[in-house]
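Q: One structure, pasted below without further comment.
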Amino acid sequence: MLVFNRSEKDSEYQESKDSLAKFRNASFIKSQKNARGFVHFNKVDERKVGIDFTDDVLFVELDKPCAYFLGFTDNIVRGSGKAQKNVDFFGNVSALYLYCDCVEPNFIGNELAPLLSIIPCSGKYGDMIRHTITHPRYYPIMSSTIDSIRIRLLSEFAEPIDFNWGTTIVVLHFKRRRSKLSFVLPNAVVIGRMSSTLDISPKQMEKRLCELAYHAQLFREWALKTQRDKGRDLSKMTKIAHVLKSIEFGRLVFQKEERLNSAAVSQRFENLSDEYAILHIRAGAVLKDCGILFKRPSEIPCEDGYTSFLQHYTSRWRTFVDDEQFVVIDDKGETIPLDEVFIVNATKFKRLRLDAAKRREEARPSAVDNVQELIDCLNLLHLS
């Protein structure tokens, strides 16, 4: 937008600006589509631009995205001069978030999303950008059969990124899944393998247990929120807490002196009855035929570019892991620290599923009545 007949006096100039602002808010102004005769942009250096306009122009107003792109801190330019900052050729995008619909969703903050990689923006305008991941991460795929793959490049705010020209090529690498970890320790002994009631349960039961693990993780994250944020989901989390408590869901707790005691850890797992199933709630997975690897997380070599399992786990799940403990591994190579082991009475859970129709007919307790159950469940999860 261009404004003519600029006053030479500062007081009149300021008064004109204020009057124009009031007038613009109360009326519609036709934009000047062609401003070549009044405004001229010039190149100051490799990264900055300048603007020149005639003396009778009061000021030039740019769209805020355009002002940011050109390097102006204020979208209203009141005089000729150069931009305060460099031209942002990336348009306020510092990284590209690559999503792929064929991989299993993983936790991004408090949400699940099929995020494959985060690519930093580099280069300059006109360059052909090539980004190679030197230490690739391999994620589980959604299905063993894939007929199409959809790739999305979004900003950090999950907004589509417009590419004005050129072709975008993404190369994905698949490999046969053998084990998530590559154990090369000849003295690594895995003992304490145990069976589970899942061996005689239908696949639908295992699927329901995975769903339970997912909801347990939601409850765990909710418990860490502030009191104000907790109130928003109180009704939903009350129901989850009621279910978790009724099926004896909780963390398999080890004392500090027991976590590196092979005899104590083995005894604890051996004392578990076949009624209990072991869950990894971060992954929403059921661990079957588990064993104990008597090594610290930092002592376990890992493939996929990580120096150890400790680095792999903390990077994948974005959490802190204490190195003073052993780890648990199942027949599929799913490996988790002892602190991340949760158990549930699978027999009670199965009975709960079978009696679901009957339970729905019963009167549900109010949220107020279940406050104490929430507190008890928080203590059970060691999150209070």
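Q: Could you please find all residues in the stretch 60-77 being part of a loop (DSSP other than H, G, I, E, B) and surrounded by 15 or more Cβ atoms within 10 Å (Cβ to Cβ)?
A: Those that are part of a loop (DSSP other than H, G, I, E, B) and surrounded by 15 or more Cβ atoms within 10 Å (Cβ to Cβ): LEU62, GLY71, PHE72, ASN75.
Q: Is it the case that the stretch 156-167 has a residue that's under 28 Å from ILE292 (Cβ atoms) and modelled with pLDDT of 70 or more?
A: no
Q: Related question: Quick one: in the stretch 126-143, of everything that is closer than 28 Å to GLU334 by Cβ, among the hydroxyl-bearing types (Ser, Thr, Tyr) and modelled with pLDDT of 75 or more, which residue is surrounded by the most Cβ atoms within 10 Å (Cβ to Cβ)?
A: TYR139
Q: Is at least one residue of the stretch 238-256 within 24 Å of GLU211 (Cα to Cα), of a type in the set (Asp, Glu) and crowded, with 18+ Cβ neighbours inside 10 Å?
A: Within the stretch 238-256, not a single residue is within 24 Å of GLU211 (Cα to Cα), of a type in the set (Asp, Glu) and crowded, with 18+ Cβ neighbours inside 10 Å.
Q: Go through the residues of the stretch 113-120 one by one and say whether even a single one is surrounded by 12 or more Cβ atoms within 10 Å (Cβ to Cβ), more than 24 Å from GLU334 (Cβ to Cβ), polar (S, T, N, Q) and not assigned by TED's automatic domain parsing to the domain that holds GLU211.
A: Within the stretch 113-120, not a single residue is surrounded by 12 or more Cβ atoms within 10 Å (Cβ to Cβ), more than 24 Å from GLU334 (Cβ to Cβ), polar (S, T, N, Q) and not assigned by TED's automatic domain parsing to the domain that holds GLU211.
The values are calculated or read from the model by the stated rules, or taken from the named source; none is laboratory data. Predicted, not measured: the structure shown is a model, and the values here were computed from it. A quick note on method: Cβ atoms are made from the backbone with ideal geometry, for glycine too, and the neighbour counts reach across all protein chains shown.
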